[in-house]
Amino acid sequence: GDAVSSHARLLAIADIYCALVTEHAHRRALLPNGALKELYLQRGKALDGAMVEQFIKVAGVYPPGTLVKLANGETAVVARHGTAPTAPIVHSVVSARGAALNVYPGRDCSEARYAIKEVLSHVRANVTINHKPGLWGYKQ
């Protein structure tokens, strides 16, 4: 209840989100958007409703780290929010022909050719991401 600090309530939401998107022996990982939906359904019940809504707003429809298939056929990873909730900035990691990329070109999903067509699980995407600094927008 109110005796639990706001920091602890926020950490509980983040912890549940992380558990939902992580593969476990007894269940498959949810896609990030599915995990956010589960949190949303629990708001006001087991979780602080206003805090869940704020968490979802900050995380975005496509939280950073989400793997997506783009309209041009590339597989990309969400790096940060874009100009609209459904149009993040992503970096392509696999070409439209299925070749792993060594350089990760940035794509703005507000452009029709880079619109998100599908959210992918890490298993389904079958891609290993080399965590080069350029992928997340910072420099060495």
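For this structure, a couple of remarks:
- Cβ separations smaller than 9 Å between residues 6+ apart or across chains give no pair from the range 1-25 residues that are free of Cβ contacts under 8 Å to residues at least 40 places away in the same chain and at positive phi to residues that are assigned to a loop (DSSP other than H, G, I, E, B) and not aliphatic (A, V, I, L, M).
- For the range 44-83, filtering for residues that are basic (Lys, Arg) and touching a residue at least 24 places away in the same chain (Cβ under 8 Å) leaves 2.
- When the range 57-72 is filtered for residues that are of a type in the set (Val, Ile, Thr) and open to solvent by less than 40 Å² (accessible area, probe 1.4 Å), the ones remaining, listed by number, are 66, 68.
- Unmet criterion (only one of (1) assigned to a helix (DSSP H, G or I); (2) modelled with pLDDT of 85 or more) for residue 135: (2)
- The residues in the range 84-122 that are farther than 16 Å from residue 33 by Cα and either in contact (Cβ under 8 Å) with a residue 60 or more places away in the chain or part of a helix (DSSP H, G or I) (or both) can be counted, and the count is 3.
- Checked against (1) under 30 Å from residue 3 (Cβ atoms); (2) within 16 Å of the chain's Cα centre (by Cα); (3) among the hydrophobic types (A, V, I, L, M, F, W, C), residue 51 passes all but condition (2).
- One residue stands out among those in the range 26-35 that are touching a residue at least 60 places away in the same chain (Cβ under 8 Å) and assigned to a helix (DSSP H, G or I): the one that is nearest to the chain's Cα centre (by Cα), which is 32.
- Residue within the range 36-44 that is open to solvent by 40 Å² or more (accessible area, probe 1.4 Å), closer than 22 Å to residue 88 by Cβ, modelled with pLDDT of 90 or more and not in a helix (DSSP H, G or I) present: no
- Only a single item in (1) exposed (fewer than 14 other Cβ atoms within 10 Å of the Cβ); (2) modelled with pLDDT of 90 or more; (3) under 26 Å from residue 23 (Cβ atoms) is not met by residue 77, and it is number (1).
The values are calculated or read from the model by the stated rules, or taken from the named source; none is laboratory data. Not measured: the values here are computed from a predicted model. Every residue, glycine as well, gets a Cβ built from its backbone with ideal geometry; the counts of neighbours run over all protein chains shown. In case anyone asks, the SASA skips ligands and DNA or RNA and just uses the protein heavy atoms, side chains included. Shrake-Rupley method; radii C 1.70, N 1.55, O 1.52, S 1.80 Å.
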